[in-house]
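Student: Below: one structure in C-alpha cells.
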Amino acid sequence: MSAAQTADKKTLTLKGAEAVIAAAKSEAQKLSAPGGVIAVVDDGGNLMALERLDGTFSAGANISIGKARTAVMFKKPTRFFEELINANGKGRTVMTALENFTPLIGGMPITVDGQIVGGVGVSGAATADQDEKLAIAGANAFSPATSAVNDPAAPVSYFEKRTVDAAFSKGAILLDGSDGRNYMVHASRREKPGQAEIHTKDTDVIYVLDGTATFITGGEAINAKTTAPDEFRGDSIRNGQTRQIAKGDVIVVPNGVPHQFVQVTDPFLYYVVKVR
C-alpha cells in the first residue's frame with residue numbers, strides 16, 4: 001500500500017550542480033563567449049552553485065539566478081516567456097508582475113530520466129542566444145545523446161515505398177512517437193505557404209525531398225496564439241532570416257525558434273524528424 005503512495009525522486013547534488021556549470025563553461029569556450037554568470041538551482045528554486053566568468057557585469061548574478069528559478073518553477077525554457085510577453089506588443093505583459101519571475105532568454109530546466117531536478121540560468125554572455133546556448137549545454141550535462149537511440153525496448157520501424165508514397169500524397173505522420181519515443185517522423189507536403197510556427201518542445205530536422213521554398217527562421221512571430229499544448233501559430237515573422245531551400249537541403253530548427261514557409265512550389269515535399 002505504501003509503495004503506491006510514494007515515488008522515487010531524483011535529487012540534484014552539489015557535484016551535479018558543478019557538472020552543469022562545467023558543461024556551460026565548456027560551451028562558453030567553444031563559442032568564445034566574453035563572459036557570463038552561470039547559476040544552478042534545485043527543483044525548489046534554491047541556489048546551489050554559481051560561477052561568474054571573467055569580464056561579466058555584476059548584475060549578471062541576480063539575473064542568472066532569476067532565469068534558473070523561472071525555468072524550474074514554471075518547467076519551461078525562459079525563451080518561451082520572453083517571446084510570449086513580447087509578441088507584437090500584445091503579449092502577456094501582466095506576467096512581468098509575478099514575483100520571482102525573470103522572463104529573459106537564458107534559463108533552462110534540468111531534467112534527468114523525465115524528472116525536473118533543477119534549473120540553470122546564464123546571463124552576461126555576448127547575446128541572449130549565447131546565454132541560452134550555455135544554459136542548454138549545462139542542462140544537457142546528464143543527457144547522453146545516445147540514450148533514446150540505444151533503448152532496447154524501442155522496436156525497429158519500417159515503412160515500405162508504397163506506404164511512404166501514400167503519406168507524401170496527402171502529408172501524413174509516419175511515426176507519431178506514441179510508444180514513448182522522443183521523436184516523430186512526418187512525411188510533409190505543402191501546396192501553399194503556411195503560418196508562422198513555434199514548437200516549444202520539438203526540434204524540427206527538415207530534409208527537402210522535392211521542390212523549393214522560401215523559409216524564414218528566427219525573429220518574432222506576429223500575433224502568435226496557442227493552438228495546442230506547446231504549440232503556437234502566428235500571422236508572420238518579423239526580423240527573421242530568409243533562406244531559399246531546395247531538394248537535398250537539410251535545415252534544423254531548434255525548439256522555441258519561430259519558422260515559416262512563405263512561398264513554396266506545388267507540391268513541396270519534405271521529411272520532418274521532430275525530436276523532443
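The values are calculated or read from the model by the stated rules, or taken from the named source; none is laboratory data. Just so it is clear, the model here is predicted, and its values are computed rather than measured. In this analysis, Cβ positions are derived from the backbone assuming ideal geometry, glycine residues included, and neighbour counts consider all displayed protein chains. With ligands, DNA and RNA removed, areas are computed over all heavy atoms of the protein, side chains included. Shrake-Rupley method; radii C 1.70, N 1.55, O 1.52, S 1.80 Å.
Student: Determine, yes or no, whether residue 181 is at pLDDT below 95 and either open to solvent by less than 50 Å² (accessible area, probe 1.4 Å) or not aromatic (Phe, Trp, Tyr) (or both).
Tutor: Judged against the criteria, residue 181 is a match.
Student: If residue 105 satisfies all but one of (1) in a loop (DSSP other than H, G, I, E, B); (2) farther than 18 Å from residue 254 by Cβ; (3) modelled with pLDDT of 85 or more; (4) of a type outside the set (Lys, Arg), what's the number of the condition it fails?
Tutor: If we test residue 105 against (1) in a loop (DSSP other than H, G, I, E, B); (2) farther than 18 Å from residue 254 by Cβ; (3) modelled with pLDDT of 85 or more; (4) of a type outside the set (Lys, Arg), just (2) comes out false.
Student: Also, I was wondering about something else. If you go through the range 123-139 one residue at a time, how many are in a loop (DSSP other than H, G, I, E, B) and touching an Asp or Glu at 6+ places or on another chain (Cβ under 9 Å)?
Tutor: Qualifying residue count, the range 123-139: 2.
Student: While we're here: Collect the residues in the range 261-272 that are outside any loop (DSSP other than H, G, I, E, B), under 15 Å from residue 171 (Cα atoms) and open to solvent by 50 Å² or more (accessible area, probe 1.4 Å), keeping them in residue-number order.
Tutor: If the condition is that a residue be outside any loop (DSSP other than H, G, I, E, B), under 15 Å from residue 171 (Cα atoms) and open to solvent by 50 Å² or more (accessible area, probe 1.4 Å), then 271 is the only one that fits.
Student: Would you tally the residues in the range 196-241 being buried (at least 20 other Cβ atoms within 10 Å of the Cβ), assigned to a loop (DSSP other than H, G, I, E, B) and not hydrophobic (A, V, I, L, M, F, W, C)?
Tutor: Going through the range 196-241 one residue at a time, the tally reaches 2.
Student: Hey, another quick one. In the range 248-260, what count of residues is obtained for those that are outside any strand (DSSP E or B) and loosely packed, with under 14 Cβ neighbours inside 10 Å? Please lay out each step first, then the result.
Tutor: As a first pass, look at the range 248-260 and keep what is outside any strand (DSSP E or B): 248-249, 254-258.
If we keep only those that are loosely packed, with under 14 Cβ neighbours inside 10 Å too, we end up with 248.
Selection size over the range 248-260: 1.
Student: From 60, 45, which residue is out of contact with any Pro (no Cβ under 9 Å at 6 or more places or on another chain), of a type in the set (Gly, Ala, Ser) and surrounded by 18 or more Cβ atoms within 10 Å (Cβ to Cβ)?
Tutor: 60
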